[in-house]
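I have placed the structure first, in the form of structure tokens, so that the comments after it can refer back to it.
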């Protein structure tokens, strides 16, 4: 097989896990998902395919539909202190009415509309402090982005160790094992 055939063969394989960075990079802390993804992309070896999406979620429908699992970095407003890091399973919040504000997220809308959604979608997010014009994170969210990357690595490691009979990662164990305060949104 020549190099061209090898690259075509690997491109045609369904990616097992894709990490995506969401948010508006030009509105400071709203772009924490993009900042976290860029840090995640610096990890060697790369834990998985990582794609900066920003606010272009509708443009990524085919990619999202092709993945077995999605890990999304994003800003999440659930009323906690700025910089609070959250881990949530999208499938859980889609079933609960008390999280209507999260239902407005475009990612959830896409997931509800595609024919073959991923087996599991986990969002690692942080409560924003400053949403105003600018591309630099507030100091609180700069630290939160680092915690988000650490948390994402743990989620992906758990996914990679799942046996075929297990369908979902245990988010509570990831939170319990963290050196930082991370909250699970249920």
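Just a few scattered comments:
- Total residues in region 34-50, condition in a helix (DSSP H, G or I) and either more than 15 Å from residue 150 (Cβ to Cβ) or free of Cβ contacts under 8 Å to residues at least 60 places away in the same chain (or both): 4
- Subset tally (residues that are surrounded by 15 or more Cβ atoms within 10 Å (Cβ to Cβ) and modelled with pLDDT under 95) for region 130-146: 2
- Per the listing 20, 64, the residue uniquely within 12 Å of the chain's Cα centre (by Cα) and in a helix (DSSP H, G or I) is 64.
- Among the numbered conditions (1) in a loop (DSSP other than H, G, I, E, B); (2) crowded, with 18+ Cβ neighbours inside 10 Å, the only one that residue 152 does not meet is (1).
The values are calculated or read from the model by the stated rules, or taken from the named source; none is laboratory data. Small disclaimer: the values here were computed from a predicted structure and weren't measured. So basically every Cβ, Gly included, is an ideal-geometry build from the backbone, and we count neighbours across all protein chains shown.
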